[in-house]
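This report concerns only the one structure given below.
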Amino acid sequence: MAAGDHSGKRRQIMDRERNGLDRQKRITGWITALWLGAVAALFGWQASTYRGFVEVLAEWQYAHLDHYYPGITFVLLCLFFSIPLLVVIVVLWRRWKRHEAENADPRTVVLGFSRRLQRLCAVTAILAAAIAFGSLMVALLLPGDGGPARVVDVGALRPDAVVPEGRATLRGSADLDTIVRFDEQALLMHRRLYFAPLTSRSNAGGEPAHFFVEVREMAHLKSPFVPVMSGVLARDALPGDVRNLYRGARFQLADRPWLLYRSAAQLRWRYYMIAAQLGVVAILLGLAARLEARRRRRLEKRLEAATA
């Protein structure tokens, strides 16, 4: 009886230790997923708006490398700001491995790994879906094609005038000698845009340009670049890369210039692409979590049958 009591107490202690380790792993997994999701959302927003650390690193790359690598910049920022968390995870992982080696239970180890893998896929899928939904909401909050078009005479407009966003027709002269090409890549999707400033009474005297328009390339014409003068007007919508190119050419532009896209779809394209890609990632990870759960159930049945 004494030996049996001793064996039972030892089993209880091992069960408590195992439950404690499982709880640590669950908490660590949730913290890791939430932290990576928050970091990815922050630097994704900075990359899409060309602000913060992304802007600083992009300017450094333009100055020293003559090119900006958005994907590498995003990944390196996420990794750098996750170093403390990764160090803690490595320390905990070594402790868990040592404990599992001392108290080896193959069934528990295999099922526990499968459970953590499923949880990681599920949490990451939820975070990807949340960021995709947020990107879609941002796109829908941008100016749309609805409503009457407002006529804005850029040449007669004061620099401090308030101009509403939305459908607009601009009156002014596009400076086609200072066209900037902008290539935007979203994994398998790519588009090329051209932008040009509108000249006005203010920037004719050396003042910063406040209005830019999208320029259409029509190869069949003798002059292939045609400025778009009617479309959707949005403030602070000029891509950061384009601003950097103008600054590098010593062209004066306002801090938050207006940009006229030819349609709301053009304005919202990058946010739709982010939402679509993360939506696909969420679906794939969700399927992976479901498949792993089914695989674990089959494994549990086989282990139960073998034990019986």
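Total residues in segment 256-291 satisfying the condition of being surrounded by fewer than 16 Cβ atoms within 10 Å (Cβ to Cβ) and part of a strand (DSSP E or B): the figure is 1. Scanning segment 39-98 for residues that are over 30 Å from Val110 (Cβ atoms), more than 16 Å from the chain's Cα centre (by Cα) and charged (D, E, K, R) yields Glu59, Asp66. Name the single residue that is farthest from Tyr62 (Cα to Cα) among those in segment 222-236 being within 26 Å of the chain's Cα centre (by Cα) and touching a residue at least 60 places away in the same chain (Cβ under 8 Å). Across segment 222-236, the extreme among qualifying residues is Val232. Taking Val226 as the residue in question, decide whether it is at negative phi, surrounded by 17 or more Cβ atoms within 10 Å (Cβ to Cβ) and modelled with pLDDT of 85 or more. Judged against the criteria, Val226 is not a match.
Scanning segment 242-255 turns up at least one residue that is outside any helix (DSSP H, G or I), touching a residue at least 40 places away in the same chain (Cβ under 8 Å), crowded, with 18+ Cβ neighbours inside 10 Å and touching a strand residue (DSSP E or B) at 6+ places or on another chain (Cβ under 7 Å). In the set (1) surrounded by 14 or more Cβ atoms within 10 Å (Cβ to Cβ); (2) among the charged types (D, E, K, R); (3) farther than 30 Å from Asn244 by Cα, Glu55 fails one condition alone, (3).
Matching residues to (1) modelled with pLDDT of 85 or more; (2) surrounded by 15 or more Cβ atoms within 10 Å (Cβ to Cβ); (3) among the charged types (D, E, K, R):
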{"site": "Cys121", "(1), (2), (3)": "yes, yes, no"}
{"site": "Val152", "(1), (2), (3)": "yes, yes, no"}
{"site": "Leu157", "(1), (2), (3)": "no, yes, no"}
{"site": "Val162", "(1), (2), (3)": "no, no, no"}
{"site": "Leu198", "(1), (2), (3)": "yes, yes, no"}
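Within segment 148-169, the set of residues being among the basic types (Lys, Arg) and under 31 Å from the mean Cα position of the chain (by Cα) comprises Arg167 only. Scanning segment 31-63 for residues that are over 26 Å from Ala234 (Cβ atoms) and at pLDDT 80 or above yields Ile31, Thr32, Leu34, Trp35, Leu36, Gly37, Ala38, Val39, Trp60, Gln61.
Being closer than 20 Å to Gly231 by Cα and under 28 Å from the mean Cα position of the chain (by Cα) is a property that Arg181 has.
The values are calculated or read from the model by the stated rules, or taken from the named source; none is laboratory data. Since we're looking at a predicted model, the values are computed, not measured. A quick note on method: Cβ atoms are made from the backbone with ideal geometry, for glycine too, and the neighbour counts reach across all protein chains shown.
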